[in-house]
Amino acid sequence: MTPVTRQEVLGLYRKIFRIAKKWQSASGQIEETIKEKEYIKKEAKTLFRKNKDVTDPKLIKQYIEECEARIEIGLHYNIPYPRPIHLPPMGLAHKQGRTLRHQEKLRKISKPIYLKSHDEIS
């Protein structure tokens, strides 16, 4: 990892914890706010620790983009949890053969960047 990339990653980590410190839930309830703050901290620690040994520059860049996307979406919608995608569950494909494999491939490709790590740890 280059020093610039390392500083960028550490900056994102600090930014997430500053956001968690100032976080206020959309409902305004204290219990909900505490729960969401803890979720933000736990999610950040889990994902950063899981990816600490990654050395591939392209993969590091992808994880940085994912982190930035999740931060922006969380701040915009005031929801710390990843927004789900709403695709019909294999509604158009037959339950066998090529069409099913093709639709599974399309579903995987269409997954937003901010959900890739979330699905891996869930």
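Overview of results
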read-out: Per-residue ³J(HN,Hα) for the stretch 33-41, Karplus 6.51 cos²θ - 1.76 cosθ + 1.60, θ = phi - 60°, Hz, x for Gly and Pro; value: 4, 4, 4, 5, 4, 5, 4, 4, 5
read-out: Mean separation of Cα contacts under 8 Å (6+ apart) over length of the stretch 3-86, as relative contact order %; value: 32 percent
read-out: Total formal charge among the other residues, if their Cβ is under 12 angstrom from that of Lys22, Lys/Arg +1 and Asp/Glu -1; value: +3
read-out: Cross-link pairs beyond the 28 Å C-alpha cut-off, checked among Lys22/Lys45; Lys15/Lys105; Lys35/Lys105; Lys37/Lys58; Lys37/Lys61; value: Lys15/Lys105; Lys35/Lys105; Lys37/Lys58
read-out: Rounded, prolate or oblate (a/c below 1.5 giving rounded, otherwise prolate when a/b exceeds b/c) for the stretch 3-86 by Cα gyration tensor; value: prolate
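Every number in this text was worked out from the coordinates using simple rules, so none of it is lab data. All figures in this text were calculated on a predicted structure; none of them were measured in a lab. Heads up, the Cβs are rebuilt from the backbone with ideal geometry, glycines too, and the neighbour counts pull from every protein chain shown.
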